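Take this structure, written in structure tokens, and hold onto it; I'll ask about it next.
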Amino acid sequence: ALENFNLPPYLPELSSMFLKSDTVPLLVKGLQTFIEYPEYVIQGIRALTGFAARCDEAKEKISSPEIMTIVHESTQKHNNADVLHVCSTFVATLADGETSSISDFMIEHGAVDLLLFSMECCPDEKVQDAACLALRNLSCHVKNPEELLKDDKTLKFVVGAMDTHRNSV
């Protein structure tokens, strides 16, 4: 249900209701409890992604070490295209904003490693696309390019994705 609240028609007051509610702590607790179930992980992270897409204030509320740990564990436990895609999309959404603080936070908490792991494990086009978008969004605000480039590993994966999916927009 929480995931569906983010679908059209958009309710303008939903962002303020979300920020005032216990939605994030409840989703975090649920994700920690049911992390073994990929279906729950997908829906829980999609719900967080939908709320994060609404405003920078929501992104800040959602950006926590606890949630990043859940995202990392999810990609490790469920090494499949659907989970890797939703986790990469989550990172891309959080990193898409006006402030560099969230991108810095994400990089400090291993977002680049998570994205490179996803790209290395799953050649699926939707995973590659989401991971490249996340890397793009992170690069818009990066203060220390070495952390993003991981020597030249990041560039190799991006070029590899472009080469593998030549017909992809």
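I'd like the full set of residues that are buried (at least 20 other Cβ atoms within 10 Å of the Cβ) and hydrophobic (A, V, I, L, M, F, W, C), limited to segment 118-141.
Answer for segment 118-141, where residues must be buried (at least 20 other Cβ atoms within 10 Å of the Cβ) and hydrophobic (A, V, I, L, M, F, W, C): Met119, Cys122, Val127, Ala130, Ala131, Cys132, Ala134, Leu135, Leu138.
Against the conditions (1) under 25 Å from Pro145 (Cβ atoms); (2) of a type outside the set (Ser, Thr, Tyr); (3) more than 14 Å from the chain's Cα centre (by Cα), where does Leu84 fall short? Just the number, please.
Here Leu84 meets the rest and fails (3).
For segment 53-105, enumerate the residues that are of a type in the set (Gly, Ala, Ser), in contact with a Phe, Trp or Tyr (Cβ under 8 Å, 6 or more places away or on another chain) and either open to solvent by 10 Å² or more (accessible area, probe 1.4 Å) or at pLDDT 90 or above (or both).
Ser63
Just for helices (runs of 4 or more DSSP H) wholly inside segment 104-163: which have at least 2 residues that are over 18 Å from the mean Cα position of the chain (by Cα)? I'd like the intermediate steps shown before the answer.
Working: elements: 111-121, 125-139, 145-149.
In segment 104-163, 145-149 are the helices (runs of 4 or more DSSP H) which contain 2 or more residues that are over 18 Å from the mean Cα position of the chain (by Cα).
Here is a list of conditions, (1) within 20 Å of Phe18 (Cβ to Cβ); (2) in a helix (DSSP H, G or I); (3) of a type outside the set (Phe, Trp, Tyr); (4) in contact with a helix residue (DSSP H, G or I) (Cβ under 8 Å, 6 or more places away or on another chain), and Ser88 meets all of them except one; can you say which number that is?
(1)
Here's another thing I want to ask about it. Collect the residues in segment 143-157 that are among the aliphatic types (A, V, I, L, M) and open to solvent by 40 Å² or more (accessible area, probe 1.4 Å), keeping them in residue-number order.
Scanning segment 143-157 gives Leu149, Leu155.
The values are calculated or read from the model by the stated rules, or taken from the named source; none is laboratory data. Since this is a predicted model, take the numbers as computed values, not measurements. No Cβ is skipped: glycine too gets one built from the backbone with ideal geometry, and neighbour counts run over all protein chains shown. Please note that ligands, DNA and RNA were not included when accessible areas were found on the heavy atoms of the full protein model with its side chains. Shrake-Rupley method; radii C 1.70, N 1.55, O 1.52, S 1.80 Å.
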